[in-house]
Amino acid sequence: MSELPFVEIYTDGACSGNPGPGGWAAILRTMNGHEKEISGGEKETTNNRMEITAALQALRELKKPSQVLLHTDSAYLLNGATSWLEDWKRRDWKRKHGKLQNIDLWQEMDAELAKHKVEWIWVKGHAGDPMNERVDELARKAMPR
């Protein structure tokens, strides 16, 4: 069995108001130095939706199962994907106390995560990490005016 291809992903979401116009972006880098930037936006959304969307769209870019190192500055995205997701599934997509927000995106994320081996890395936002700053800029530019 061959090793999975390795991809490093940086993601970010941005919102002007919460809710309000939002943007998301991701940068995908392969071992051979190939780099791809993707981004998009929505007229009325939340910051959390944009954070999830950035990671979701990045994972959808992968053509085959991959080993992924995914960098995010969103504790919500990181905790949702690594700690809360299994509990939500056990509870039929509900939280302990109340309705699960962004259930549509979390269900799609669950399906994408099943295809890949993802290691999550939390990065402090707006703290000088060059790739985090770059993906933040792309997400802000993607916000509808």
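Laboratory data are not the source of any read-out in this text; all were calculated from the coordinates shown. Quantities reported herein were computed from a predicted structural model and do not represent experimental measurements. Quick reminder, even Gly has a Cβ in these numbers, built from the backbone with ideal geometry, and neighbours come from all protein chains shown.
Comparing Cα centroids, segment 99-133 and segment 1-41 end up 10 angstrom apart.
Straight Cα distances below 17 angstrom link Lys141 to the aspartates and glutamates Asp12, Glu37, Glu42, Glu44, Glu51, Glu133, with same-chain residues fewer than 8 positions distant left out. Among the listed pairs Lys99/Lys124; Lys96/Lys124; Lys43/Lys124; Lys36/Lys96, which have their C-alpha atoms separated by more than 32 angstrom in this model? Result: Lys36/Lys96 exceed 32 Å.
Summarising the strand pairing of the chain, around 60 percent of its internal DSSP beta bridges are antiparallel.
Quick one: grab the alpha carbon gyration tensor of segment 31-84, order the square roots of its eigenvalues as a ≥ b ≥ c, and give me rounded if a/c is under 1.5, else prolate or oblate depending on whether a/b is larger than b/c. Can you show the working numbers first?
Working: a/c = 2.20, a/b = 1.33, b/c = 1.66.
Note, shape of segment 31-84 comes out oblate.
Of the residues Ala114, Pro130, Leu28, the one whose Cα sits farthest towards the positive end of the charge dipole of the chain is Ala114 (charges of +1 on Lys and Arg Cβ, -1 on Asp and Glu Cβ, taken about the Cα centre).
Summing Cβ point charges (Lys, Arg +1; Asp, Glu -1) relative to the Cα centre of the chain gives a dipole of roughly 420 debye.
Highest mean first, how do 8-14, 125-131 rank when packing is the count of other Cβ atoms within 10 Å averaged over residues? Walk me through the intermediate numbers first.
On the way: 8-14: 27.3, 125-131: 11.1.
Per-residue mean Cβ counts within 10 Å order the peptides as 8-14, 125-131.
Across segment 79-93, rounded Karplus estimates of 3J(HN,Hα) from the backbone phi angles (6.51 cos²θ - 1.76 cosθ + 1.60, θ = phi - 60°) give 5, x, 6, 9, 10, 8, 4, 5, 5, 4, 5, 4, 8, 6, 6 Hz, Gly and Pro being marked x. Report the paramagnetic label zone for Glu3: residues of segment 68-91 whose backbone N is under 15 Å from a point 7 Å from Cα along the Cα-to-Cβ axis. Residues passing the 15 Å test: 68-69. Relative contact order of segment 6-141: 32 percent, from C-alpha pairs under 8 Å at least 6 residues apart in sequence.
What number, rounded to the nearest 500 deg cm²/dmol, is the helix-based mean residue ellipticity at 222 nm of the chain, given -39500 (n - 2.57) per DSSP H run of at least four residues and division by all its residues? Mean residue ellipticity, 222 nm, calculated: -9500 deg cm²/dmol.
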